[in-house]
Amino acid sequence: MKNTLIVIFGLAAVLVAVYLVISAESEPVYVRTAKSLFSTDNEPWQSTDSLITIAPVEWGRAKFFLTPKAKYSITGKLVSKRRYRRGLMSRLSPMDYALIWGKVPEMLSQLKFSQTYRFCFFNLRPGAVVDMNYIQNHVSNNHLIPSTENIRRALSKARKHEIVRIEGYLVDVIANNGSKGTSHWKTSLKREDTWGGACEIIYITKLQIADKIFE
């Protein structure tokens, strides 16, 4: 019995050690910066200068072709995030962030946000008095494509109401899934559109969550 207990405790110790090693390796690497550099007051920045070429991404039998349409950065408050595990595009873009900026963070007590099927929705709370057009122009649902495995691991670290900064490129995507056919994703290039096609598809080269920068 004594020897059996020793074996059990030994195996438990090994399993704990393995878990700690795996956990440590899966944690994203970051550098710290000053939170004071953050501001959600500014509009997202966009430019068609100095566009890069992105190599095709292969995932199993699927191959994704990304075409940069604009260089892009956005700083906003995270009001909702959703992980997607089903569907071809979820391999490339595992998570969406819903971000708000401008004066909308001041209206949070009057709003409720949710995400489903790659869309973001917001509802007014009882008694809310707000400018609907202003809100629609200052909220975006972002399909996130991490450029590195480190950024992919970091996506889940952002918490609701944290300030997030995303830098990278707005891209169109063509996904070839062999005999199963081809899928197309087109990014929005303006903040005033709504409904289908209004989401930003971002190839992320730098992600900042609070005071942590991931690349």
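The values are calculated or read from the model by the stated rules, or taken from the named source; none is laboratory data. Keep in mind the model is a prediction, meaning the values are calculated, not measured. Heads up, the Cβs are rebuilt from the backbone with ideal geometry, glycines too, and the neighbour counts pull from every protein chain shown.
When segment 121-159 is limited to residues that are β-branched (V, I, T) and touching a residue at least 24 places away in the same chain (Cβ under 8 Å), the one that is nearest to N42 (Cα to Cα) turns out to be V139. Picking from residues in segment 134-179 that are in a helix (DSSP H, G or I) and farther than 25 Å from A34 by Cα, the one that is modelled with the lowest pLDDT is S179. Total residues in segment 148-205 satisfying the condition of being charged (D, E, K, R) and surrounded by 12 or more Cβ atoms within 10 Å (Cβ to Cβ): the figure is 11.
Scan segment 69-112 for residues that are without any contact (Cβ under 8 Å) to a residue 12 or more places away in the chain and either part of a helix (DSSP H, G or I) or hydroxyl-bearing (S, T, Y) (or both) and jot them down. Hits for segment 69-112 are S90, E106. Report yes if some residue within segment 89-107 is under 21 Å from S39 (Cα atoms), out of contact with any helix residue (DSSP H, G or I) (no Cβ under 9 Å at 6 or more places or on another chain), surrounded by fewer than 20 Cβ atoms within 10 Å (Cβ to Cβ) and of a type outside the set (S, T, N, Q); otherwise report no. Checking segment 89-107: at least one residue is under 21 Å from S39 (Cα atoms), out of contact with any helix residue (DSSP H, G or I) (no Cβ under 9 Å at 6 or more places or on another chain), surrounded by fewer than 20 Cβ atoms within 10 Å (Cβ to Cβ) and of a type outside the set (S, T, N, Q). Taken over segment 113-133, the residue count meeting the criterion of being part of a strand (DSSP E or B) and within 17 Å of the chain's Cα centre (by Cα) is 7.
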